Amino acid sequence: MAAESRTEPGLRDRFRAQVRQEVKAAALRQLAEGGPEALSLNAIAKQVGMTGPALYRYFTNRDSLLTDLVIDAYGDLASALSRAADAGTTDPVARLTAVVHAYRAWAVAEPHRYRLLFRAPLQGYDAQSTSLVEASQPAMNVVLEVVAALAKPSTPVPEGPAAHFREWMKRHGIEDVPAAVAARTTMLWAHLHGLVGLEIEGNFTSMGIDPAALYETEVKDFVRSLST
């Protein structure tokens, strides 16, 4: 009897985790088809074979489901960038180049999840909650690391922005990184985000521009600016 009581919670936990994964998979299909506005807990419940009220035992509301999806997406993006950074080379140029190409590759392969990260999913949804800000940090840390390994001393950042970068790094436990490197990393992310965002919305295609070639050119220019 004692053994059964010890085993039963483990089985319940595994079943709960499995159901949560099935719910999230169904939600991702809805996101891919219609965006966050199309997300319907009742429709998801039908897809996974349960009633709407039963689904609320796993996710209290639509926002809690969205939050799980956002955290998962941040984790997957960070993993993709980490794999690229650790792909077997110590050359800083190769590592940075691999990471920024991994960023685009993930976004192009998962456009509905990329949009979930970098747009406000729904009116009233707090996309800057503490849990989401913390979830976003590992991906940024990878980019910060590869930029820091390559960046040469550059023009100091004005004290106002520099203080903001130092405070941001302090909050996230980032040490021994100059504010100028944090600024360059942020500029890189903003630049790449702009290119990728335009690409996945089809803006370059409508202009007759090859987004992959444009991205490659911009990456080379940025790497050159860091290392010279």
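The values are calculated or read from the model by the stated rules, or taken from the named source; none is laboratory data. Small disclaimer: the values here were computed from a predicted structure and weren't measured. As a convention, Cβ positions derive from the backbone with ideal geometry for all residues, glycine included, and neighbour counts pool all protein chains shown.
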Pairing a residue in the stretch 46-62 that is in contact (Cβ under 8 Å) with a residue 12 or more places away in the chain with any residue that is part of a loop (DSSP other than H, G, I, E, B), where Cβ atoms lie under 7 Å and the two sit 6 or more apart in sequence or on different chains, gives Arg62/Leu39
Requested in this report: Evaluate the following for Ala148: is it assigned by TED's automatic domain parsing to the domain that holds Pro211, at pLDDT below 95 and within 18 Å of Ala183 (Cα to Cα)?
Outcome: yes
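Here is a yes/no grid of residues against (1) at pLDDT below 90; (2) more than 15 Å from Tyr103 (Cα to Cα):
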position	(1), (2)
Glu167	no, yes
Asp176	yes, yes
Thr186	no, no
His191	no, no
Glu199	no, no
Pro211	no, no
The residue that is modelled with the highest pLDDT, considering only those in the stretch 112-126 that are under 20 Å from Ala190 (Cα atoms) and surrounded by fewer than 18 Cβ atoms within 10 Å (Cβ to Cβ), is Phe118
Check your understanding: Does Phe15 count as surrounded by fewer than 16 Cβ atoms within 10 Å (Cβ to Cβ), over 30 Å from Arg224 (Cα atoms), among the aromatic types (Phe, Trp, Tyr) and more than 20 Å from the chain's Cα centre (by Cα)?
Key -> yes
Selection from the stretch 128-169 of residues crowded, with 17+ Cβ neighbours inside 10 Å, of a type in the set (Gly, Ala, Ser) and assigned to a helix (DSSP H, G or I) yields Ala135, Ser136, Ala139, Ala148
(message) Would you confirm, using the coordinates I've provided, whether Glu37 is in contact (Cβ under 8 Å) with a residue 24 or more places away in the chain and either surrounded by fewer than 19 Cβ atoms within 10 Å (Cβ to Cβ) or among the basic types (Lys, Arg) (or both)?
(response) yes
*Among the residues of the stretch 214-224, is any outside any helix (DSSP H, G or I), in the same structural domain as Ala109 (by TED's automatic domain parsing) and surrounded by fewer than 16 Cβ atoms within 10 Å (Cβ to Cβ)?*
no
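Per-residue answers, yes or no, for (1) over 11 Å from the mean Cα position of the chain (by Cα); (2) assigned by TED's automatic domain parsing to the domain that holds Asn203:
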residue: Tyr56; (1), (2): yes, no
residue: Ser82; (1), (2): yes, yes
residue: Leu96; (1), (2): yes, yes
residue: Ala107; (1), (2): no, yes
residue: Arg119; (1), (2): yes, yes
